[in-house]
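Written out below as structure tokens is the structure these notes cover.
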């Protein structure tokens, strides 16, 4: 069974600090997908990034970067020079290429609440 | 292009009442999902659909039914609401993950349901 662990329940940083959100996953599949979603205080879920299991290349998008390491089953997310608008709950999620009846359902971690203090 | 929309946004029910949540998407996605979000639990899959006319159970299906009569719509029904169904409900849709690597799920804005 697939599992996603986000060990950090809450993190507080001062604006302009860098912060890394940890995500560790478990899966028996060799083909799978990893995602990060952002849930701001308004409540909607915003897709940030998708990574498939064959692509370990790290990615940078503006102040956001992602570090995918299959050897440690981790997919960590770093925000550089954090801003107040980054305050949100961040979810890491896993989808196996074949999960049970083929739902490709997302298994979510419990989320990390990030508070950026001005 | 509205993406994924959900109605209603808020609802209060009394125990035993029934209701239907509507999800609509205009992205021509084959797959659609219903999740519930509870504090400290993340999101959990209730039911899903891989195409028009097909539905299947997810992780927490008890007390819910679904229907997908049209590709763009996915309905979630509560036949006899219970306080344990107080939650925020999210609908999501995606392309067929077996045919596309662009398989991220796009979520609606959520429905906040309270059962008294």
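Restricting to segment A:28-56, name every residue that is modelled with pLDDT of 90 or more, in a loop (DSSP other than H, G, I, E, B) and at negative phi. Scanning segment A:28-56 gives A:40, A:41, A:42, A:44, A:45.
Working only within segment B:94-103, note down all residues that are more than 7 Å from chain A (Cβ to nearest Cβ) and part of a loop (DSSP other than H, G, I, E, B). Lay out the reasoning, then the answer.
At the first step, the residues of segment B:94-103 found to be more than 7 Å from chain A (Cβ to nearest Cβ) are B:94-96, B:98-100, B:102.
The answer is B:95, B:96, B:98, B:99, B:100, B:102.
Scan segment A:40-53 and give yes if some residue there is more than 14 Å from chain B (Cβ to nearest Cβ), touching a helix residue (DSSP H, G or I) at 6+ places or on another chain (Cβ under 9 Å) and surrounded by fewer than 17 Cβ atoms within 10 Å (Cβ to Cβ), otherwise no. No, every residue in segment A:40-53 fails to be more than 14 Å from chain B (Cβ to nearest Cβ), touching a helix residue (DSSP H, G or I) at 6+ places or on another chain (Cβ under 9 Å) and surrounded by fewer than 17 Cβ atoms within 10 Å (Cβ to Cβ).
Looking only at residues of segment A:4-14 that are surrounded by 14 or more Cβ atoms within 10 Å (Cβ to Cβ) and over 13 Å from the mean Cα position of the chain (by Cα), we find that the one that is farthest from residue A:68 (Cα to Cα) is A:13. Among the residues of segment A:83-93, none qualifies, meaning not one is under 27 Å from residue B:93 (Cβ atoms), in a loop (DSSP other than H, G, I, E, B) and touching a residue at least 24 places away in the same chain (Cβ under 8 Å). Scanning segment B:104-115 for residues that are in contact (Cβ under 8 Å) with a residue 60 or more places away in the chain and facing another protein chain (nearest Cβ under 10 Å) yields B:105, B:106, B:107, B:108, B:109, B:110, B:112. Kindly establish whether residue A:5 is touching a strand residue (DSSP E or B) at 6+ places or on another chain (Cβ under 7 Å), under 30 Å from residue B:5 (Cα atoms) and modelled with pLDDT of 95 or more. Yes: the conditions hold for residue A:5. Scan segment B:7-26 and give yes if some residue there is under 15 Å from residue B:93 (Cβ atoms), away from every other protein chain (no Cβ under 12 Å) and over 13 Å from the mean Cα position of the chain (by Cα), otherwise no. Looking for residues that are under 15 Å from residue B:93 (Cβ atoms), away from every other protein chain (no Cβ under 12 Å) and over 13 Å from the mean Cα position of the chain (by Cα), one finds at least one in segment B:7-26, hence yes. Any residue at all in segment A:101-112 that is exposed (fewer than 14 other Cβ atoms within 10 Å of the Cβ), facing another protein chain (nearest Cβ under 10 Å) and under 29 Å from residue B:31 (Cβ atoms)? Yes; the residues of segment A:101-112 include at least one that is exposed (fewer than 14 other Cβ atoms within 10 Å of the Cβ), facing another protein chain (nearest Cβ under 10 Å) and under 29 Å from residue B:31 (Cβ atoms).
Can we say residue A:116 is surrounded by 14 or more Cβ atoms within 10 Å (Cβ to Cβ), assigned to a strand (DSSP E or B), more than 12 Å from chain B (Cβ to nearest Cβ) and in contact with a helix residue (DSSP H, G or I) (Cβ under 8 Å, 6 or more places away or on another chain)? Give the derivation first.
Working: surrounded by 14 or more Cβ atoms within 10 Å (Cβ to Cβ): yes; assigned to a strand (DSSP E or B): yes; more than 12 Å from chain B (Cβ to nearest Cβ): yes; in contact with a helix residue (DSSP H, G or I) (Cβ under 8 Å, 6 or more places away or on another chain): yes.
Answer is yes for this residue.
Going through A:31, A:27 one at a time, which residue ends up being loosely packed, with under 13 Cβ neighbours inside 10 Å and either closer than 30 Å to residue B:49 by Cβ or more than 14 Å from the chain's Cα centre (by Cα) (or both)? So that I can check it myself, show each step before the final result.
Details: A:27 fails: loosely packed, with under 13 Cβ neighbours inside 10 Å.
After ruling out the rest, the residue left standing is A:31.
In segment B:34-68, the residue that is surrounded by the fewest Cβ atoms within 10 Å (Cβ to Cβ) out of those that are modelled with pLDDT of 95 or more and over 21 Å from residue B:114 (Cα atoms) is B:67.
The values are calculated or read from the model by the stated rules, or taken from the named source; none is laboratory data. In this text, all values refer to a predicted model and were calculated from it rather than measured experimentally. Cβ coordinates were reconstructed from backbone atoms using ideal geometry, including for glycine residues, and neighbour counts include every protein chain displayed.
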